[in-house]
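The values are calculated or read from the model by the stated rules, or taken from the named source; none is laboratory data. Only a predicted model underlies this, so the values are computations on that prediction, with no experimental measurement involved. A quick note on method: Cβ atoms are made from the backbone with ideal geometry, for glycine too, and the neighbour counts reach across all protein chains shown. Surface accessibility is based on the protein's heavy atoms, side chains included, excluding ligands, DNA and RNA. Shrake-Rupley method; radii C 1.70, N 1.55, O 1.52, S 1.80 Å.
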Amino acid sequence: MKRLLLSAVIMAAFSTAQATDQPGFSTERLSAAVKTLSSDAFEGRGPATPAETKTIDYVVAQMKAAGLQPGGDLKDGKRGWTQAVPLRRSAIVGTPVLRLALGDQHEKLTQGEQIAIRAPMNGSTEVAIRNAPLVFVGYGVKAPERHWDDFKGVDLHGKIAVVLINDPDFETGHGDFGGKAMTYYGRWTYKFEEAARQGALGLLVIHETAPASYGWATVKNSNTNAMFDIVRDKPAAVHPELEGWIQRDLAVRMFSHAGLDFDALKKQAQTRDFKPVTLKDESLSAHFKVDSQVITSHNIVGRVEGSKRPDQTVIYSAHWDHLGVGAPDASGDRIYNGAVDNATGTAALIEMGRAFAQGPRPERTVVFLNVTAEEKGLLGSEYYAANPLYPLATTVGVLNMDALDPHGPARNFTISGSAKLGLLDDLIAEAKKHDMSYTADPKPEAGYFFRSDHFSFAKRGVPAVSFGSGNDWINGGLAAGKAAEDEYTAKRYHQPADQWEADWSFTGMARDLQVLHDVGSDLANSDQWPDWSKDSEFRSIRDASSAERK
């Protein structure tokens with residue numbers, strides 16, 4: 001009863017907002033959009049599938065109805081609703097043959113069980129690896145500025161490197177990598193890239209739930225389907241022939257067979273004195289065909305053109321894609337619906353567009369960017385940031401929305417990572433007006449800063465944040481918020497169970513959108529340029545284009 005009364009009060013507040021100058025964010029429209037986008041009919045919104053066309057048609061129709069104008073690629077002087085994103089799509093044909101040799105013992109490994117091999121993105125059409133030696137290289141990090149080198153000159157040509165996930169500081173909480181908060185060196189994407197630079201034939205990441213921040217089900221579901229990458233001139237420069245993950249239990253057994261203690265070696269790897277260790281008399285063989293081709297996916301782009309400074313841009317972003325159709329779960333469900341991740345963000349983007357399109361015209365242009373292939377490595381946002389439709393130098397800031405909470409309102413909010421920048425200060429000030437406080441990323445060790453689309457802009461200097469719903473719920477407090485968060489991570493994240501629920505109120509999202517709207521509106525109707533803190537690694541990149549903002 002209390003929850004119903006609370007919802008009624010909140011809905012009354014939003015109705016009042018609609019009667020004033022403040023926009024109203026409809027919980028009914030948010031729910032309907034999430035329900036539609038995450039329905040089985042959209043087949044998990046996989047890029048370069050028939051579901052992409054259906055998703056684009058739906059989102060564009062909603063943007064048109066909201067009053068937005070097309071903001072995508074120019075053709076004959078007019079903008080369309082999409083930005084073409086060429087991608088290399090690679091998929092393993094059939095079932096890969098994977099064998100581990102432990103001395104005289106040969107063991108067949110099952111894709112998705114002990115091991116998760118990714119379709120190669122180095123341009124190969126066939127992988128035929130026979131008895132490749134295995135070498136443990138700690139965390140797989142080479143960081144000269146930290147005087148750190150896990151490779152120590154070891155020759156990895158023709159060999160497969162085996163590495164730990166996250167940073168060397170994860171377990172100790174202190175050290176050369178800044179403590180618990182993950183650096184980019186802790187991301188698996190970096191580890192694959194560095195393995196290629198070191199000349200390795202392949203790299204296997206050892207999965208452990210705590211340092212990865214997700215369970216094996218997420219690894220399996222994210223790595224055993226089709227892989228995508230931006231089109232590169234030299235893909236082998238950043239992708240080794242074999243990329244994959246192995247279960248911790250398998251790694252422990254491999255180390256034990258080689259006369260090594262897994263936990264002892266992990267502790268050694270947390271020091272700069274660590275030296276690579278060959279797993280004696282052990283090797284991996286792999287054989288499979290690869291369907292590799294260049295396809296075109298699309299970002300969806302709407303906009304409201306600025307009245308006074310149309311060449312200056314505020315961007316709201318969210319990704320429309322999810323994992324599509326994949327391996328069945330225990331119930332046989334093969335559709336990865338992606339309701340929270342990220343039908344919520346796409347629904348929010350549409351609602352935000354409606355608020356700006358139907359409100360007073362902003363002085364600066366506001367762009368609503370619904371990107372593709374986030375689940376494949378932030379590829380849609382990476383392509384946009386590398387090929388911007390609106391110059392990055394005069395992009396005021398990016399407010400990204402990814403996996404918003406569809407439940408009731410919280411007393412707080414967060415952002416992905418611990419970056420210090422003016423946009424965060426703006427969010428904190430605006431949230432305070434709504435009796436919301438800022439809570440720093442509770443899991444900086446999970447590396448969320450590198451896992452959402454704002455990062456594609458941030459690394460190019462554009463002030464960018466990814467907004468996160470709070471966990472201190474008005475109805476139930478931190479206990480309820482954390483329980484829901486833990487349940488989602490364990491049972492729904494990147495699993496078929498991420499589906500729309502009839503009891504989701506969306507009242508929390510509606511209030512979050514009010515905060516995000518007001519921050520964006522202030523930016524769009526002023527001449528301010530938020531920036532990174534003076535000690536941010538992105539500050540100098542932004543400063544290099546300062547002349548274009550005068």
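I'd like the residue in segment 488-512 that is among the aliphatic types (A, V, I, L, M) and over 20 Å from the mean Cα position of the chain (by Cα) and, out of all such residues, is nearest to Thr346 (Cα to Cα). Restricting to residues being among the aliphatic types (A, V, I, L, M) and over 20 Å from the mean Cα position of the chain (by Cα), the top hit is Ala510.
Considered as a group, the residues in segment 324-338 that are in contact with an Asp or Glu (Cβ under 6 Å, 6 or more places away or on another chain) and open to solvent by 10 Å² or more (accessible area, probe 1.4 Å) include one that is modelled with the highest pLDDT, and that residue is Ile335.
From the list Val93, Val85, the lone residue that is in a strand (DSSP E or B), open to solvent by 30 Å² or more (accessible area, probe 1.4 Å), in contact (Cβ under 8 Å) with a residue 12 or more places away in the chain and among the hydrophobic types (A, V, I, L, M, F, W, C) is Val93. Restricting attention to segment 66-82, the residues that are in a strand (DSSP E or B) and either open to solvent by less than 40 Å² (accessible area, probe 1.4 Å) or among the aromatic types (Phe, Trp, Tyr) (or both) add up to 2. When segment 493-549 is filtered for residues that are β-branched (Val, Ile, Thr) and touching a strand residue (DSSP E or B) at 6+ places or on another chain (Cβ under 9 Å), the ones remaining, listed by number, are Val515, Val519, Ile541. Looking only at segment 268-280, how many residues end up being part of a loop (DSSP other than H, G, I, E, B) and touching a Lys or Arg at 6+ places or on another chain (Cβ under 9 Å)? The number of residues fulfilling the criteria is 4.
Within segment 529-538, if we keep just the residues that are touching a residue at least 24 places away in the same chain (Cβ under 8 Å) and surrounded by fewer than 22 Cβ atoms within 10 Å (Cβ to Cβ), the residue that is nearest to Asp311 (Cα to Cα) turns out to be Trp529. Just one of (1) open to solvent by less than 10 Å² (accessible area, probe 1.4 Å); (2) farther than 30 Å from Ser292 by Cβ; (3) in contact with a Lys or Arg (Cβ under 8 Å, 6 or more places away or on another chain) fails for Phe255. It is (3).
Considering segment 374-400, and only residues there that are polar (S, T, N, Q) and within 20 Å of the chain's Cα centre (by Cα), the residue that is surrounded by the fewest Cβ atoms within 10 Å (Cβ to Cβ) turns out to be Asn387.
Between Ile474, Ile428, Ile415, the distinction of being surrounded by fewer than 23 Cβ atoms within 10 Å (Cβ to Cβ) and touching a residue at least 12 places away in the same chain (Cβ under 8 Å) belongs to Ile474 only.
Which members of segment 166-196 meet the condition of being under 20 Å from the mean Cα position of the chain (by Cα) and either farther than 19 Å from Asp149 by Cβ or open to solvent by 30 Å² or more (accessible area, probe 1.4 Å) (or both)? Lys180, Ala181, Met182, Tyr184, Tyr185, Trp188, Thr189, Glu193 - these are the residues of segment 166-196 that are under 20 Å from the mean Cα position of the chain (by Cα) and either farther than 19 Å from Asp149 by Cβ or open to solvent by 30 Å² or more (accessible area, probe 1.4 Å) (or both).
The residues of segment 497-523 that are part of a loop (DSSP other than H, G, I, E, B) and either without any contact (Cβ under 8 Å) to a residue 24 or more places away in the chain or of a type outside the set (D, E, K, R) (or both), listed by number, are Ala497, Gln499, Trp500, Ala502, Asp503, Trp504, Ser505, Phe506. Name every residue in segment 107-128 that is surrounded by 19 or more Cβ atoms within 10 Å (Cβ to Cβ) and either β-branched (Val, Ile, Thr) or touching a Pro at 6+ places or on another chain (Cβ under 7 Å) (or both), in order of residue number. Those that are surrounded by 19 or more Cβ atoms within 10 Å (Cβ to Cβ) and either β-branched (Val, Ile, Thr) or touching a Pro at 6+ places or on another chain (Cβ under 7 Å) (or both): Gln111, Ile115, Ile117, Met121, Asn122, Val127. Residue pairs whose Cβ atoms lie under 9 Å apart, separated by 6 or more positions or on different chains, with the first residue in segment 245-261 and in contact (Cβ under 8 Å) with a residue 12 or more places away in the chain and the second open to solvent by less than 20 Å² (accessible area, probe 1.4 Å) and charged (D, E, K, R), are Trp245/Arg118; Met254/Glu282; His257/Glu282; Ala258/Glu282. Tallying residues that are closer than 19 Å to Arg451 by Cβ and either in contact with a Cys (Cβ under 9 Å, 6 or more places away or on another chain) or assigned to a strand (DSSP E or B) (or both) within segment 347-396 yields 3. Among all positions in segment 421-432, there is no residue which is part of a loop (DSSP other than H, G, I, E, B) and at pLDDT 95 or above. Confirm whether Asp150 is within 22 Å of the chain's Cα centre (by Cα) and closer than 16 Å to Gln268 by Cβ. No, not satisfied.
Conditions tested, residue by residue: (1) within 25 Å of Ala502 (Cβ to Cβ); (2) at pLDDT 95 or above; (3) open to solvent by 10 Å² or more (accessible area, probe 1.4 Å).
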| residue | (1), (2), (3) |
| --- | --- |
| Ser297 | no, yes, no |
| Val301 | no, yes, no |
| Ser307 | no, yes, yes |
| Ala347 | yes, yes, no |
| Met352 | yes, yes, no |
| Gln358 | no, yes, yes |
| Pro362 | no, yes, no |
| Val367 | no, yes, no |
| Thr372 | no, yes, no |
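The number of residues in segment 208-227 that are open to solvent by less than 10 Å² (accessible area, probe 1.4 Å) and of a type outside the set (S, T, N, Q) comes to 3.
Flag set for Ser283, criterion: assigned to a strand (DSSP E or B) and either over 23 Å from Glu374 (Cβ atoms) or among the polar types (S, T, N, Q) (or both).
Taking the numbered list (1) part of a loop (DSSP other than H, G, I, E, B); (2) modelled with pLDDT of 95 or more; (3) hydrophobic (A, V, I, L, M, F, W, C) in turn, Ala440 passes all entries but (2).
Scanning segment 286-338 for residues that are in a strand (DSSP E or B) and either farther than 24 Å from Phe368 by Cβ or among the basic types (Lys, Arg) (or both) yields a count of 15. Please verify whether segment 111-123 includes one or more residues that are more than 18 Å from Trp245 (Cα to Cα) and among the hydrophobic types (A, V, I, L, M, F, W, C). Checked against the condition, which is being more than 18 Å from Trp245 (Cα to Cα) and among the hydrophobic types (A, V, I, L, M, F, W, C), segment 111-123 yields no hits at all.
Here Ala544 fulfils each of the conditions (1) touching a residue at least 60 places away in the same chain (Cβ under 8 Å); (2) of a type in the set (A, V, I, L, M); (3) under 25 Å from Glu305 (Cβ atoms); (4) open to solvent by 40 Å² or more (accessible area, probe 1.4 Å) apart from (3).
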